[in-house]
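The values are calculated or read from the model by the stated rules, or taken from the named source; none is laboratory data. Values in this document were obtained by computation on a predicted structure and should not be read as measured data. Surface areas here come from the heavy atoms of the whole protein model, side chains and all, with no ligands, DNA or RNA. Shrake-Rupley method; radii C 1.70, N 1.55, O 1.52, S 1.80 Å.
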Amino acid sequence: MSTQLIERTNSQIPVKALGWSLGIFFGLTFAICVAFGLLFSGASMYQAWLPLFPWITWMSWPSFILGLVEAFAYGWFVALIFGPLFNYFSSREHA
């Protein structure tokens with residue numbers, strides 16, 4: 001029982017898996033927000049997130065594809081910063 005607890009507390013976040021999952025999650029979230037904005041044009045909040053996505057205008061196919069790429073890249077950015085930081089501080093805490 002105690003070895004299972006030790007293994008769990010010393011586990012690290014796999015940065016590659018975190019990058020893929022966050023990248024896809026952010027991309028899906030972007031696509032859902034765009035769909036919501038197109039379906040309910042009066043209630044959309046695209047002006048709020050347009051500053052976060054450079055070179056995107058509302059809304060064309062090239063802009064949509066670029067938004068997906070940028071959202072995916074933001075997911076990898078978060079994973080590449082957060083994953084190693086978490087792993088570093090997690091290993092220091094349990095050392």
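The angle separating the long axis of helix 61-93 from the principal Cα axis of greatest extent in the chain is about 20 degrees.
Keeping every protein chain present and rolling a 1.4 Å probe, give me the accessible area per residue for the chain in Å².
73 Å²
Pull out a ≥ b ≥ c, the square roots of the eigenvalues of the alpha-carbon gyration tensor of the chain, then state rounded if a/c is under 1.5, prolate if not and a/b is larger than b/c, and oblate in the remaining case.
Here the chain falls in the prolate category.
Multiplying the residue separation of A35 and S90 by 0.36 nm and removing their Cα-Cα distance gives an extension gain of 15.9 nm. Could you please state how large a percent of the accessible area of the chain is carbon and sulfur, counting protein chains only and using a 1.4 Å probe? C and S fraction of accessible area: 74 percent. Against the chain, whose longest principal axis comes from its Cα atoms, helix 15-39 is set at around 30 degrees.
So for the chain, averaging the separation of alpha carbon pairs under 8 Å that are six or more residues apart and normalising by length, what relative contact order in percent results?
47 percent
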